[in-house]
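The values are calculated or read from the model by the stated rules, or taken from the named source; none is laboratory data. Please read these numbers as outputs of a predicted model, since none were measured by experiment. FYI the Cβ positions are ideal-geometry reconstructions off the backbone, even for glycines, and counts take in every protein chain you see. SASA here: full protein model, heavy atoms, side chains in, ligands and nucleic acids out. Shrake-Rupley method; radii C 1.70, N 1.55, O 1.52, S 1.80 Å.
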Amino acid sequence: MRFIHTADWHLGNKMHDIDRTGEVNFFLSWLKTQIEKQKALSLIISGDIFDTANPPTESRTQFKNFLSSLLPTCCKNVVIIGGNHDSASLLDSDKELLNALNIHIVGSLSGLKPEELVFELKDEKKELIGLCCAVPFARETELKEYCSDETEDGTFCDTAFKALYKKVLICAQKKAQKNNIPIIATGHLYAADLEGRFESLKNEPSCDDGRRKLDVVGKLGSVHEKIFPKEFDYVALGHIHYTTMVCKNPKIRYSGSPFVMGFDEASIPRCVLCV
């Protein structure tokens, strides 16, 4: 199964009041072309679709027009999760309608059971070809369901995320039954032990893109490779704006942002990943 992994579009972002509408349109057109060229059956967008909780109407329209443009293509599955910049209620507002089009959105964990985070990926013949565990950006109050304040081993963040991913994996394995199909997970978080740009700062999870402070509060911080069960065939992450692997593991990757979000990012290659 071939799919596209991308994240951190931050639609509605302005660089010192410079209008980026044309830039966004160019990227979305290019992405659709790549999906068709690579014959990707699925598209996974790992959070921060929009730059703010209340994005401009034009940015919302661009996003919806892009999703509708995929319907006649080879891409038969779209999975989208909310990031820390997104409004969960905004993303979830069209969930029922989009589900009917095989476009699955999970804005937040709030009120959802682990089995509601697992989606089937099917081909053009509607045959099951994979499963996606769509885990969005998680806030401390949402993670407390999976971990008490006192932990025996590791940090609150590591322990809670590990329990969460284990539960969604179990649900996915039940859906897969004995079929030998890939199981993909998503996440929008800050992972430790990244290679590349911030490798020297791996013990200081103070920023997510080189400029901005990580906008989480309380006990949340960086998580480690061990939180992701080895049974996942791929983990599609968002939140970091450059392409990198977690702990040099080729199965756990950040796609990076397709757009430059600051002057300090100008020299960094922009990527989406074909998996």
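Here are a few things to note about the model shown:
- List Trp9, Trp30, ordered by accessible area with a 1.4 Å probe, largest first: Trp30, Trp9
- Taking every protein chain into account, the accessible area of the chain amounts to 46 square angstrom per residue (probe 1.4 Å).
- Distant-in-sequence amide contacts of Ala191, defined by a placed amide H-H separation under 5 Å and a gap of 5 or more residues or a different chain, comprise Val223.
- Counting only protein heavy atoms and using a 1.4 Å probe, the accessible area of Thr21 comes to about 30 Å².
- Phe63 accessible area, assembled protein chains, probe 1.4 Å, Å²: 10
- Ranking Thr6, Thr243, Thr33, Thr141 from most to least accessible surface, computed with a 1.4 Å probe over the protein chains only, gives Thr141, Thr33, Thr243, Thr6.
- Amide H contacts under 5 Å for Ile129, placed H, 5+ residues apart: Leu121, Lys122, Asp123
- Of Lys64/Lys125; Lys126/Lys230; Lys76/Lys126, pairs whose Cα-Cα distance is over 19 Å: Lys64/Lys125; Lys126/Lys230
- Charge dipole (debye, nearest 20) of the chain; +1 at Cβ of Lys and Arg, -1 at Cβ of Asp and Glu: 960
- Under 5 Å between amide hydrogens, built in the peptide plane, is the criterion, and for Ser255 it picks out Leu237 among residues at least 5 positions away or on other chains.
- Computed from backbone phi with θ = phi - 60° and the Karplus coefficients 6.51, -1.76 and 1.60, the 3J(HN,Hα) list for segment 5-11 is 10, 9, 6, 6, 6, 6, 4 Hz; x is used for glycine and proline.
- For the chain, relative contact order (Cα pairs under 8 Å, six or more residues apart, normalised by length) works out to 20 percent.
- For the chain, built as a Gaussian network whose Cα springs stay under 10 Å, the top-fluctuating residue of Lys178, Lys32, Lys162: Lys178
- DSSP beta bridges in the chain [antiparallel fraction, %, rounded to 5]: 35
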